[in-house]
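Participant: Can you keep this structure in mind? I'll have questions shortly.
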Amino acid sequence: MFKLPKLLYSFDALEPYIDAKTMEIHYTKHHQTYVDKLNEAINGTEFANMEINELMENISKVPEKIKQAVINHGGGYANHSLFWEIMGSKAGGKPEKQLAKEINSKFGSLEEFKKQFTDVALKVFGSGWAWLVINSNKKLEIIFTKNQDSPLMEGKIPILGLDVWEHAYYLKYQNRRPEYIKNWWNVVNWEKVEEFFKEAKK
Ligand code: MN3
């Protein structure tokens, strides 16, 4: 069964860009609810023993009766688990090494990548996520998903993700999603993104 993953920093660690109250509610209430409802859906099934990524990659094998619940809550579980990890205090800055090279070769520059990613995140209508993924050709790609749909369900491995549900920013930013996105770059933990990148390229 799934458990809320440990948060590796305090609720106020991402201040002033992401406020402590938002972090606390987002992690202890929203993420916990995804954990609970995922467990409720898969309890007693063969899927209860899977790793979360394996579960989302194999969503087509999940019976219809519980499939939408697994998409919503398994996706919510996987997406948020990654989201906490790719952020940190004393973060921001820029990618180094191989990831920097591939971003430059794919998008032209880090600035151009950020611009394209931001555009995608701004255009998500309603609730969803913007992602940098490694696609099935092992190339970088920017995509979005609706609701809590996981990129893993379409065979894409997320290495960076931005939650643009209102619950992720409304307390501090209200309707100002552009400002939230702009500030969020200051807490991106590029070292961690590089780790996910290396793992995904294997
Ligand atoms: Mn969220």
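The values are calculated or read from the model by the stated rules, or taken from the named source; none is laboratory data. All of these numbers come straight from a predicted model, not from anything done at the bench. As a convention, Cβ positions derive from the backbone with ideal geometry for all residues, glycine included, and neighbour counts pool all protein chains shown. Heavy atoms of the whole protein, side chains included, go into the accessibility calculation; ligands, DNA and RNA do not. Shrake-Rupley method; radii C 1.70, N 1.55, O 1.52, S 1.80 Å.
Participant: Using 12 Å as the cut-off for backbone N distance, which residues of the stretch 163-191 belong to the label zone defined by a point 7 Å from the Cα of ASP19 along Cα→Cβ?
Facilitator: In the stretch 163-191, the label zone of ASP19 (backbone N under 12 Å from the point 7 Å along Cα→Cβ) covers 169-175.
Participant: I've got another one for you. How about the stretch 112-202: which chymotrypsin sites (Phe, Trp or Tyr not before Pro) there are in a DSSP loop, with at most 10 other Cβ atoms within 10 Å of their Cβ?
Facilitator: Those satisfying the criteria are PHE125.
Participant: Please identify the trypsin sites (Lys or Arg not before Pro) of the stretch 32-130 that satisfy two criteria: DSSP loop assignment and at most 10 other Cβ atoms within 10 Å. Which are they?
Facilitator: Here the trypsin sites (Lys or Arg not before Pro) that fit, given the DSSP loop and packing criteria, are LYS90.
Participant: Could I ask something else about it? Taking the chain on its own, what percent of its Cα-Cα pair distances exceed 31 Å?
Facilitator: 15
Participant: Convert 25 °C to kelvin, take the viscosity as 0.890 mPa s, use the Kirkwood radius over C-alpha pairs of the stretch 119-202 as Rh, and evaluate the Stokes-Einstein diffusion coefficient in µm²/s, rounded to a whole number.
Facilitator: It diffuses with D of about 183 µm²/s by this estimate.
Participant: State, as an integer percentage, the relative contact order of the chain based on alpha-carbon contacts under 8 Å between residues 6 or more apart.
Facilitator: 25
Participant: Within the stretch 20-85, what whole-number % of the accessible surface is contributed by carbon and sulfur, with the 1.4 Å probe and all protein chains included in the calculation?
Facilitator: The C+S portion of the solvent-accessible surface of the stretch 20-85 is 45 percent.
Participant: Hey, another quick one. Length gain on complete extension for the stretch LYS202 to SER105, per 0.36 nm per residue less the alpha carbon to alpha carbon distance?
Facilitator: Additional length available on full extension: 33.0 nm.
Participant: Now for a different question. Out of the GluC sites (Glu not before Pro) in the stretch 73-180, which ones are loop residues according to DSSP with at most 12 other C-beta atoms within 10 Å?
Facilitator: Sparse-neighbourhood loop GluC sites (Glu not before Pro): GLU96.
Participant: Mind giving me the nanometre distance, one decimal, between the label points for GLU166 and LYS94, set 7 Å out from Cα along Cα→Cβ?
Facilitator: 3.7
Participant: Also: Under the rule of at least 5 residues apart or a separate chain, name every residue whose amide H is placed under 5 Å from the amide H of LEU160.
Facilitator: When sequence neighbours closer than 5 places are left aside, the close amide H contacts are LEU132.
Participant: Please work out the Cα center distance from the stretch 117-185 to the stretch 1-25, rounded to the nearest Å.
Facilitator: If you average the Cα positions of each part, the centres end up 18 Å apart.
Participant: Now a separate question. May I ask you to derive the FRET efficiency for ASP119 and GLN174 from their Cβ-Cβ distance with R0 = 25 Å, giving the value to the nearest 0.05?
Facilitator: So, using R0 = 25 Å, E works out to roughly 0.75.
Participant: Treat each spin label as a single point 7 Å out from the Cα along the C-beta direction, and report the ALA48 to SER10 distance in nm.
Facilitator: Spacing of the two 7 Å Cα→Cβ label points: 3.8 nm.
Participant: Where does the chain land at 222 nm, in deg cm²/dmol rounded to the nearest 500, when only DSSP H runs of n ≥ 4 count, each adding -39500 (n - 2.57), divided by all residues?
Facilitator: Calculated mean residue ellipticity at 222 nm is -12500 deg cm²/dmol.
Participant: Roll a 1.4 Å probe over the protein chains and send me the accessible area per residue for the chain in Å².
Facilitator: Per residue, the chain has an accessible area of 51 Å².
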